[in-house]
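Read through the structure below, which is laid out as C-alpha cells, and then see the notes.
Bear in mind these aren't lab numbers, they're just calculated from the coordinates by the rules spelled out. This structure is a prediction, so every number in the text was calculated from the model and none was measured. Virtual Cβ from ideal backbone geometry, glycine too; neighbours counted across all protein chains shown.
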Amino acid sequence: MFVAAILLFRKNLQVVEGLAMAGGLLSLISLLVSGMTGSLSTQPVSGLFGFLYLDSLGFLFTLVTTAITLFVIVYSRGYLREEIREGIFKEERVWSYYALLLAFLSCMILVTLASDFLMIWAGLEATTLTSVFLISFYGTKDSVEAAWKYFVICSLGITLALVGLMILGYGLQQAGLPVNFSFSNVLASSHQILPIYLKLAFAFIFVGYGTKMGLVPLHEWLPDAHGQAPTPVSALLSGVLLVTAFYAILRAYPILFGSVGTSSFGSLLFLTFGAISLILASLRLFSQTNYKRLLAYSSVENMGIIALAVGVGGPLGLFAALFHVVSHSIAKPLAFFLGGILNQVYGTKEISKITGVSSVMPAIGKVFVLANIGLAGSIPFGTFISEIVLVAAALATGNYLVVLLLVVFTTIAFGTFLFRSSRMAFGPILQKPKKYRPDSLTLACVWGLFALAIVLGLLAPTLIANLVNAAIAVLIKV
C-alpha cells in the first residue's frame, strides 16, 4: 500500500519521505499490537488463512527487523538529501529508493512471519530481488559489480536451501507422511523421518541460508555489497538481513535437535562454520582500508559468534545467540550511521583519510569510538553480555576450545577497532573537512540507537531477557 502511494506521489520528495516513515512506523506498531494479544509462547497468532504465523521467536526477530528498519528510513532522509545536494544522484530517483526499502522490509517480515518452510524460502529469495537494486542504487561500475556478485552468490545459496527442503519433503514421503512444510507438521513428524534425510536436509538448509547470513566461505558478497551500497542500506543489510537469514536456519533447528541421533551433527555444523567465520573475519579486519568494508568483516565475525553460541547449545548458549542478535542489530547500524556522517564530512570512506573527528565534532567522535569497540564486545554494550554468557555456556558444556577461540579472536577484533577508531577520532586532521553538519533527524537516529545500546549493555532490561527466553522456549520445547 505504501509502495503504491510512493509511486503515486513520486514527484513530491517530502510526501515520499513521509510515506516511507509512516510505512515503517505502522509495521512496528502493528507488530506490537499483535504481540499484546496474549502469550505468544502458548498461543501463537495466525492470520491470512494460516499463511502468517507469529510466535515468540518470530516476534523477537520481527521486532528487530521493523525497529531497525524504521531507524534506517528516518536516517535516510538527511543522508540522501545531502547526497542530492552534492550531485551524487538526482532527486527524481529518491522515490525508487524508498519504494525498494519498504519492499525489502516487507520481504523480511514475510520471512519472520511465515507459517511454513517454503514461505521462508520464498521470502528470502524475494529479499535478494529487492535488495540487489538497493546495492546498485548509485549505478556505478563498482556498485553494479557488487550487486551482481551478491545476486549470484545468494542465488546459489537459496538454491542449496531449496535442495534441502526437497530432501526434507522426500524424507516425509518415504516415512509415509504428508508432504506438508508447515512448522507444526514438520516438527511433529521429524522423529519419524530417517536421520540421514534430516542431516542432509539441514546441511543444505544451513549452508544455503548461511550464505546470506554471511558465514565463511560463502561470505564474499558481503564486503563488496556493504562497501558500494548507500550507507543506510549497508546498515540494513548488516543489522537486519543477516539475522533474518539466521532466523531461517533457526526455524529448522528443532527438526534436527529434537530428533534422536542428529543433534550432534547440527552442533558440529554450527561450531565449524562459526569458528571459521570468527577466525577468518577477525584476521581480515586489520588489513581493511575502507571503513564500510571493515564493518562488513565485523558482521562476518559477529555471525560467527552467533553460530558458535547455537553450536554450544542449551538454554544458556541459545540465550547468548539471541541476545547477541539483538545487541549486534543495534550496534552495527549505529556504527554505519556514524560512518555515514563521517563520509559526508570528509568525502571519503578511506580510514587513513578520516582523522581528527573529535576536533571537528567532539560528541560524534567520542561516540564513534565507543560504538566501534562495542561491536567487538566491550562494555558498556550488549555484545559484552552475550559473549560473557557464551563463555559461561561453553565452560559449562566442556567446550574449552570455543572459549579459547572466543577470547583470542574477539581480543584481536577489539584491538583492531580500538586502534582504527581511536586514530580516526583523535588523530591529527590531515585534510580539511566539509562544513556539513547532520540534521536533527539524523542525530536523533544516532543518539536513539546509542541510548538503546547503552541501556541494553548496562541494564539488560528484563523485557528483552523475557523476550529472548520466550523465543528459546519455542526452540527447545520439542
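General observations
- Karplus 3J(HN,Hα) series, Hz, for region 245-253 with 6.51 cos²θ - 1.76 cosθ + 1.60 (x for Gly, Pro): 5, 4, 4, 4, 5, 5, 5, 8, 3
- Computed from Cα atoms, the angle from the helix 440-458 axis to the main principal axis of the chain rounds to 50 degrees.
- In degrees, nearest ten, helix 362-375 long axis to first principal axis of the chain (Cα): 20 degrees
- Residues of type aspartates and glutamates that residue 434 reaches as a straight line, Cα spacing below 14 Å, ignoring anything fewer than 8 places off in the same chain: 82, 83, 86
- Segments 336-349, 140-153 sorted - mean Cβ within 10 Å per residue, highest first: 336-349, 140-153
- Calculated from the structure at hand, percent of Cα pairs over 31 Å apart is found among [x] 65; [y] 55; [z] 39 as [z].
- Estimated vicinal HN-Hα couplings, Hz - region 90-99 in sequence order (Karplus 6.51, -1.76, 1.60; Gly, Pro = x): 8, 4, 4, 8, 4, 4, 5, 4, 5, 5
- Peptides 231-237, 28-34 ranked from most to least packed, by the mean per-residue count of other Cβ atoms within 10 Å: 231-237, 28-34.
- Cross-link pairs exceeding 26 Å between alpha carbons, from the set 199/292; 90/212; 212/332: 199/292; 90/212.
- Distance from region 168-199 to region 367-411 (C-alpha centre basis), Å: 37 Å
- Summed residue charge, Cβ within 14 Å of residue 437's Cβ, Lys/Arg positive, Asp/Glu negative: +2
- Remark: region 386-397, residue by residue, has Karplus-estimated 3J(HN,Hα) of 5, 6, 5, 4, 5, 4, 4, 5, 5, 5, 5, 9 Hz, where x stands for each Gly or Pro and the curve is 6.51 cos²θ - 1.76 cosθ + 1.60 at θ = phi - 60°.
- Between amide H atoms placed 1.01 Å from N, distances below 5 Å from residue 114 occur with 53, all of them 5 or more places distant or on a separate chain.
- Helical content of the chain, expressed as a calculated mean residue ellipticity at 222 nm, amounts to -25500 deg cm²/dmol (DSSP H runs of 4 or more residues, -39,500 (n - 2.57) each, divided by residue number, nearest 500).
- Folded to 0 to 90 degrees: helix 462-476 orientation relative to the chain principal axis, Cα: 40 degrees
- Charge tally around residue 234: other residues with Cβ under 12 Å, Lys/Arg +1 each, Asp/Glu -1 each, net +3.
- Burial order of peptide ranges 294-302, 77-85 (average beta-carbon count within 10 Å, highest first): 294-302, 77-85
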